[in-house]
Every structure is written in C-alpha cells, then in structure tokens.
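These notes are about the structure you will find just below.
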Amino acid sequence: MSDDVIITPIIGLEIHVELATATKMFCRCANRFGDEPNTHVCPVCLGLPGALPVMNAAAVELAMTVALALDCTVPDFTKWDRKGYYYPDLPKNYQISQYDLPLGARGRLAVPVTGDDGVVTTKTVRVKRAHLEEDAGKNIHDRGAGTGVDLNRAGVPLLEIVSEPDMNGVAELLAYARAMQRLVRWLGASEANMQMGQMRFEPNINLNIESGGRTYKTPIVEVKNLNSFRALERTCAFEIQRQTAEWRKDPEGFSLETLGKQNRGYDDAGEKTVFQREKEEAHDYRYFPDPDLVPVTISDDWRETVGGTIGELPLARRQRFCDAYGLAPAEADALTQDAATGDLLDAAVATGAEPKRCVNLLLGRGAAMANERDCAIGALGVTGVALGALAQMIDAGEVNATAGEKIFAALADGDADSPRQIAERDGLLAVRDSGQLAAWVDAAIAANPQAVADATGDGKKQKKAFGFLMGQVMQKSRGAAQPSEVQKLLSEKLS
Amino acid sequence: MTDALDMTATQLRDAIAAGDVSAGEATRACLDAIERTDGQLACFNEVYADRATQQADRIDQRLAAGESVGALGGVPVAVKDNMCTAYGRTTCASRMLAEFRAPYTATAVTKLEAAGAVILGKTNMDEFAMGSSTEHSAVAPTRNPWDTSRVPGGSSGGSAAAVASRQCPAALGSDTGGSIRQPAALCGVVGFKPTYGRVSRYGLVAFGSSLDQIGPVTRDVRDAALLSAVIAGHDPHDSTSIDRPVPDYAADVHTPVEPLRIGMPREWFTDALDGEIAAALRRAAKTYERHGAELVHVSLPHSRIDVADDGALSSYAVSCYYIVCMAEASSNLARYDGVQYGHRTDQAGGDIVEMLCRSRAEGFGEEVKRRVMLGTYTLSAGYYDAYYNKALKVRRLIARDFQQAFERCDVLLCPATPSVAFELGSKTDDPMAMYLQDIYTNSLNLAGLPGLSLPIALSDSGLPIGMQLIGPALGEQTVLRAARMYETISDAADHKPSVTAS
C-alpha cells in the first residue's frame, strides 16, 4: 500500500511585520524596542478612558509600499475595524485592525527556491491579503513576583501578510519567509529583526495524501507566534512527520472532515508542537467598524506616488546582474540580499569599472568584513566611486589583487584617501620595473639554494619549492610585484 | 450673593468684567450654593472648591492687571463626571472608576478653562451615561429641583439639576441619545447637542462613540451659544471632529431667522405624545407663526412611533439606536478589566480570567451589564448581519428622512420628552419604559444632527415642559437663533424651581 502513497504538504503562512515608523500607529509615542518598560506610552496606547486613536499616515504608506511590491490590489477605500478579545497585554481589550477591506489583496511573491539538487527554481506564492493593525504589548514574567505588562510595543504598526496555502514543503516555506524578510527590508518598511519580534510567523499546515485511488486531507494545524526561522522550520518538519504518522495509524479518523482545524503551540525545548485547542473553540472576535476612526480614501495619485518609490525589486535585480553583468546566479544572489549592496555595485560599474572585478572585491574582502561587522556589504562605507576606481586600477594592473583587497579594507575602515592615494601612500602600486623585479628574483635564488634545488628537480617538492620562492620575491616587493610577472621571471631564471 | 447666582453665564461674565462682582465672589457663591442645596439634590460627585477658588482669584488678578480673561472669564462651570480632568477623579458615576484619576484633560474642558471658565466640579450622571433618570448612578440618584420626589432625567441629570437649581450658571453634559436634551427639558433649562463631530470627544469617556457629543446645559439660549462657541472646533486628537471654522454663535444669536420655516414631523404629533406636552408645543408653534414663521408639515417615516393595542410604544429609531449604542458600548467598556486601572476584585485568587470577570461583575451596575451583554450579543458571529448591520442600514434611512425634511424647512419643532419628570423608582424595574424616554431625541443622534431643548411651559402639576428644535448638519446657528427668537417672545424662562440656591 505504501508504494502508491503520495504525500503533499499544504502550507500557508501568516507573517506579522512591525513597520519601521518613527511613531506608533495611532498615537505619537516613539516606536522603539528595548527601552525600560512603559516608557513610550500615552493615554491613547494605554487605552485610557476617553482617549482616541489618530491614524499615522506614514504607517499606511509603508504598508502600501509592501502591498504594491507584492502586486496586491490596493483599494480606493479601506477602513479600520475593532477585533475584540480579552488579554492583559491588550489595553483596550480590542485591537484596531482591518477586517473585510484590507489595504492589500490578491498579490504574489516570486521566491527563488534551491532544490535538493542545488538547482534554483522560482516559486510564485499567492498573497491573499495584507492588512494593517496595531501590535499588542507584552506580558513580562521575569521582574519580581507575578506578571507585569510592558506597553511600549502596544500600538506599534503591524502589517499582517497572509499567503494562500501554496507552499508544498519546508524548503519552499523557508524560502518564502526569507524572501519576505528581504523584501520588507529592501523597501525600508521594516528591520524585520527576528530577535526583536519585528517579524513573527504563524504557519498552517496539513497534508494532501493520494493513496489507493483516494484523496485524504489531514486536519489543518495552525501554530501561533513563531519568532525564528529555525522554529518555523522545526515546526513544519515536525508537523509533516507527525501528521503522516497519525494518518498512517488511522487514515479515516485523522481527517480534516472529522477533526477540522486545530491550534498547536511550538515547544522550543522539545522542538515539537503541542495541542492547544480546536479551532471551533476559537474566539468570536466580534469585528465591527471602529467608530473612532474615519475611513481611509486612497487616491490614484497617492497610490502612484507610493508605488513610484519602490524601484527595482530583488528578483528583477538578480536577473539583471546575471544578464547585464554576466554574474553567476550565486553571485547575483549574494549581491541582492539587500538593496544597498547592489546599489553600490551599480554605482561602481557606472564609473566605467568592469562588473566582475567589482564583484570580486565585494564578495571577497567585502563579504568577509560585512560578516565580521554583521552588516550588509553595501553598508561597509565604501563608495561606488572608490570601488569603481579601485577595480579599474586592478584591471589596469596598477595594483595586484592582494593589494586591491588591502585598499578595499582601508576604504571600509574609513580611510578618506582615494584608492590611488592609498596605493601610493602605502607602496602598494604594482612594480613594473623589470630591472627591479629581476634583482628581487636573483636575491631570492641566491638566498635559498635548497629551494632552488627542489624547484628545479623532478621531485614532489618541486611545486611547493617554486611557490616558496614566489613568496620570497613577493615579500621583498612588499606585495607590490605583479605575481604573473614574478612567475614568468622566476621560471625563466630556474630553467 | 444671590444676585450672582441668578445671573446667566453671559451676565456674570459681563458683571465680572465690569467689576460689579469678582470672579472669586461668583465662585464662592456657587460653592456655597452647592454646600447648601446639594444634600437634597446630589448634583455633584466631586467639588473642586480649593482649585476653583484659586482659579477664580487668578482671574481677578488678571482683570486687575488689565488683561483680557476670555469669553467665559470668571464664570463657574460644572462638567459631567465622564469628562477627564488631570485633577480630581473622573468616575462616570461607576464603582469601576470610583478612584480613577485621569492623567490628562478632555479637550472641551481645556477649551473652557482657556476661555477663563472656573471648573467647579464633576456632576452626577447615569453610570457611563447609560440611562434617562440619573438613578443608575453608583453614587446616588440626583433629584429634580422642581420636585425632589422626581428624577431630573439623564444621563446628564446632575448638570441639568445643578443649572436649574442655580448651583451654577452653566454646565457641560454629553448626549448619546438625548442625555443633554431630556434632562434639560425635565429640569426646565436649555440643553444643546451640537452636530456630531462639532465638539471634540477627546477625553470624553466613550459610551456610543458614533453618537456621543458634548454640549452645554444653560439657563438661556444665549449662554448655550456662548459655551458652544467656546468648546466647538476641530481637534487633532479626535479624527471624527469636524475641520470647519466655528462661527461666533453668541454674536448673532439675537438675529432672528427670517424667513423661518418650521417643520412639524407628523409622526411625532400623534396619540403617543402626552396631551399636555402636545398642546404646549402647538401653542409654541402658533407663537412662532404669529411672529412671521411658516409652519410646514414634514415626515420622518423611519422615526415613526407605533402604539400597540396594549399601549406599548415602539419605533425603528429606538431599536436602531439601542443596537448601535449597545454594540459600541460593549466594545468601549471592554477596557475596564482591572488590569491597569479601575476596580480590581480582591477575590480572584491569582487566576486572570476570574480576576477579569469578577472585577467587571463587581465594578459595573446592572444597566451597564445589561447593555454590554446585549451589545456583545448583537456583534456575535451569526447575529451581526441581523442586528448591527441591519441597524446601520436603518440608520442611513433615518438620516435620509431628516435630509429630505430639511429641503422644506429650516428647523424641526418637536417634543423633547414623551412626558414630564417622573417619580424616582417608577421606571427602574422596566428598562424598556426607561429606553422610551429617548423616543424623540435619539433619531437625531443617529443622523448626527444638532438639537436643542428649551423650556416652553409648566404642566398643570408645575413641572417644566421642553420643546426640541432640530437643525440640519452644522446648522447650529439656525437652531440657536430660532430658539433665541422663541425665548425673547415668550416668558417661559422666568419660572424657578422649588429648590433653588438663590
């Protein structure tokens, strides 16, 4: 029986993204993470009697930016609704959200997915809706006795992006989640920092199983509030495995028809999900239009102005880098993780530099330094003009590749001089004087008879000895000799 | 100081400016009046004697220094206990907020103070403004100064009774379905509800957010115009406040509306209306007519009042109004959970759900609980379309009726209340009877229109009868001028209640 069983995971994802506005969604308190509890609060976000919300248009614009970048339909008219539920971190015991008229609907995101074979394909995930709401506060359990409530986060603008159940495995799910993180960062809509809770996931998972000519559907499981990619990955892998096992035990009973939807929670320590409640027991949120807020009218002008700020999106840029600059897909990927790095490359190429030469610098020393600093390559502080000049010097043989990396590092460390000034100042200009090169080669040969013997012999030490002599010459030139020239001269002298 | 107590706000302001009476004297006179009569009436939940005196003395100092002190310079004003002030308590006459001290002041109150008004204290009300008799106050029932065995109306009963009894010349109330106009009518004073959004709701503790509006309770129409001009205007803290310039209502309140076309809604002059009130209204209409006004019959079909065989009244407007206001109230009052502020039970034993439920059960009175439960029901999955959504549709029809009526007239003349002030306790066991007190007032809250009630006569039993004038949206000036016309050609305002401080 197991031979003809085809199991397809059906996965949808709700993503909550906190928008990077200066102030909160409905009051003018600072939108800031990490400060002392209850230091960014006012009558409005505390939900005090008589206080009224006033919409932050900047949040609506950021949300519109994301919605438009996701190809969503942004309606002419939208409104605010109250979603009622009681929880101590929700000061009004209702959340201002959007119910039937979300800011964005029916969009899509193209996602590069790397298969098990390493081949990258593009998966298009449909976006059902994207709506704006206010975040809740946070219950705190680690300060003194009992539970405290920190309302600094209460009222922070939160964009909820709901996908259709279009993902059929953990790889697609993760690729979608990462692509969304990249997109909102790219657009400047959110820092999407997982540790700060600026991006949170709620996947829903079930299985479509073809077996013995029949189709089975397992109960849909929704898991709330996952705040790391790892938790998302573990949750879904675990659920696929668990639901498969449950179905094998009881193919008729363990079905969507019988059990409906369920809520499970992620147990971080056990790396598994645990049962919470049947969906049917879920809250009745008693949505209704918020009478304290006026509806939002979105004109064509507004939509176009916001849409005009979006510019080139990651996948389009990736394709352009491959086509126009002749980059390998992996290189193009690495350069389109954020907007600034690609912008830097474009700026350098615009000075007339060879793209490939710039890319070598960015993905060599650049990537290493960015990794050390935990920032984007484009945020290292190197300008497009400097990068372009340096690449052109390398191309012209004015500095060698090693010297080029040194100069790049100096620029990234804030050196104010131009690449040429640095090269001159630090003696990194390539030495082309053949007399000088010959003198260094002769000196190296004279000082290392054993190496010379090895290098001219047939033994297995030949290559190593030649390399050693190369190194000696480079050392004498303090890195300024052009390695290809040295190699040529040394070969001649030893033959 | 009885002179000062008998003065209207405008007269008092002018007397203070002229140096005939000091602001300090006026405020002390009011404080003394409250001291003498409030034991009988229970108009005030809290009196800010020290703060008010200091405020008044400061006005006097500024006057002595030749400064101008504002449109209400030195005039003592009371505010309903559902408007937040950064001083004292804001209780909504509820056990839930008995100790609540707001950290900020409502925009309307800030505007009063900026215009030189002296805030005397907070007036009693039905809990969270839910009621028509002020008997639903967790503090005490307020008494009607015309007959202390009767209610002053509600929910702004404290404000109306305080102004009627000369404890103060003016007060602020709030009106969700008639809560300014009905008590004003029952207490023989002027009550004005401006257009929805004309006065900022910021700092007004919400009951039915799409209906609530702050307005003045005064002894004459001129004062209603004066206070309205002070408190009206756009507020960046209230997105629903109207961003249009505010005319100087007081400056042209004396200019008659000429020609004046008065609409009489035929659905409201039926057998359902008390005969004595109907007669008084018709006399008032005739008075207008004698002074050149044209009377026209208009129709408000969706505000029609039906009388069942057993005499029970019903109306689409009342049904629609209670669905909307209860739904909004159920959500607005969800925040009172004992977590951050307000009453918290000491019986919860560490369980959050129990803490929340008990705190609400102990903190809210019966009428508030009834409305929260009904409102929660109408918003529940499966009932939303049948109740709330349908009510919104009816609401649009009611508003359209008014629009069509105003194509043929400038103001509507109609009853403010179905009866004169009733006995305490006579309706507390019958919520529907209490709800029907709003039958002539809540339609215009649904339509968002301005409405004013002014005293026009005394009943045979010696109780005030009010007349309601309704204007189109932003028609405050028309309503005030038409009301002032009547006031100057009649003598109804000259009567005084039996309990007065002056």
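Each value in this text was obtained by applying a stated rule to the coordinates, not by laboratory testing. What you are looking at is a predicted structure, and each value in this text was computed from that prediction instead of being measured. Note that we place each Cβ from the backbone using ideal geometry, even for glycine, and neighbour counts take in every protein chain shown.
Tabulated data
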quantity: Nearest-0.05 FRET efficiency for B:ASP309 and A:ALA340, computed from C-beta distance (R0 51 Å); calculated: 0.05
quantity: Nearest-20 debye value, chain A charge dipole, Cβ charges on Lys, Arg, Asp, Glu; calculated: 740
quantity: Value at 222 nm in deg cm²/dmol, rounded to 500, when DSSP H runs of n ≥ 4 in chain A each add -39,500 (n - 2.57); calculated: -11500 deg cm²/dmol
quantity: Cα-based shape type of segment B:381-502, given that a ≥ b ≥ c are square roots of the gyration tensor eigenvalues and the cut on a/c is 1.5; calculated: oblate
quantity: Inter-chain Cβ neighbour average for residues B:232-242, partner chain, 10 Å; calculated: 3
quantity: DSSP-defined antiparallel bridges as percent of all bridges, chain B, nearest 5; calculated: 70
quantity: Average Cα contact separation per residue, chain A, under 8 Å, 6 or more apart, as relative contact order %; calculated: 13
quantity: Shape of the protein assembly as shown, Cα gyration tensor, a/c cut at 1.5; calculated: prolate
quantity: 10 Å Cβ neighbours from other chains, averaged over peptide A:85-94; calculated: 5
quantity: Likely footprinting exposure, B:GLU289, A:GLU202, fewest C-beta neighbours within 10 Å first; calculated: B:GLU289, A:GLU202
quantity: Among the listed pairs B:LYS369/B:LYS390; A:LYS128/B:LYS393; A:LYS464/A:LYS493; A:LYS92/B:LYS369; A:LYS261/B:LYS390; A:LYS138/B:LYS111, those beyond 26 Å (Cα-Cα); calculated: A:LYS128/B:LYS393; A:LYS261/B:LYS390; A:LYS138/B:LYS111
quantity: B:ASP20 paired with A:ASN168, simple spin-label distance in nm, labels 7 Å along Cα-to-beta-carbon; calculated: 9.1
quantity: Contour minus Cα-Cα distance for A:ALA447 and A:PHE229 (0.36 nm per residue); calculated: 72.8 nm
quantity: Rule-of-thumb Rg ratio for segment B:280-422 [Cα; 2.2 N^0.38 Å; N residues]; calculated: 1.49
quantity: Label point at B:SER461 placed 7 Å out along Cα→Cβ; residues across segment B:180-202 whose backbone nitrogen lies under 18 Å; calculated: B:182-189
quantity: Between segment A:239-271 and segment A:327-364, the alpha-carbon center distance in angstrom; calculated: 46
quantity: Cα lying deepest toward the dipole's positive end in chain B, options B:VAL163, B:ALA250, B:ALA386, charges on Cβ; calculated: B:ALA386
quantity: Potential extension, B:ASP248-B:ILE489 segment - 0.36 nm per residue separation minus Cα distance; calculated: 84.5 nm
quantity: Cα pair distances in segment A:434-494, grouped into 10 Å bins until the bin that holds the longest one, percent each; calculated: 25, 59, 16, 0
quantity: At R0 = 45 Å, FRET efficiency that the Cβ-Cβ distance of A:THR114 and A:ASP417 yields, to 0.05; calculated: 0.65
quantity: Which of A:CYS236, B:CYS43 has the fewest Cβ neighbours within 10 Å, and the rest in rising order; calculated: A:CYS236, B:CYS43
quantity: Two-site label geometry, B:THR287 and B:GLN54: point separation in nm, points 7 Å out along Cα→Cβ; calculated: 4.5
quantity: Which of A:HIS283, B:HIS254 has the fewest Cβ neighbours within 10 Å, and the rest in rising order; calculated: A:HIS283, B:HIS254
quantity: Sequence-distant residues sharing a close amide H with B:VAL217 (under 5 Å, placed H); calculated: B:ALA171, B:LEU172, B:GLY173
quantity: Label point distance in nm, B:SER498-A:THR258, each placed 7 Å from Cα along Cα→Cβ; calculated: 7.7
quantity: Loop-exposed trypsin sites (Lys or Arg not before Pro) per DSSP, neighbour cap 16 Cβ within 10 angstrom, longest uninterrupted part of chain A; calculated: A:225-431
quantity: Under Karplus coefficients 6.51, -1.76 and 1.60, residue-wise ³J(HN,Hα) of segment A:413-420 in Hz, glycine/proline x; calculated: 7, x, 4, 7, 6, 6, x, 5
quantity: For chain B: span of alpha carbons on each principal axis (Å, largest first); calculated: 65, 61, 44
quantity: Cβ charges +1 (Lys, Arg) and -1 (Asp, Glu), total dipole of the protein assembly as shown, debye; calculated: 1060
quantity: Test item: Cα-centred dipole of segment A:5-300, Lys/Arg +1 and Asp/Glu -1 on Cβ, debye; calculated: 120
quantity: FRET efficiency, B:GLN61 to B:ASP3 (Cβ-Cβ, R0 30 Å, nearest 0.05); calculated: 0.85
quantity: For segment B:424-452 versus segment A:7-70, the gap between their alpha-carbon centres in whole angstrom; calculated: 39
quantity: DSSP bridge orientation in chain A - percent antiparallel, rounded to nearest 5; calculated: 90
quantity: Other protein chain Cβ atoms within 10 Å, averaged over every residue that makes up A:293-299; calculated: 1
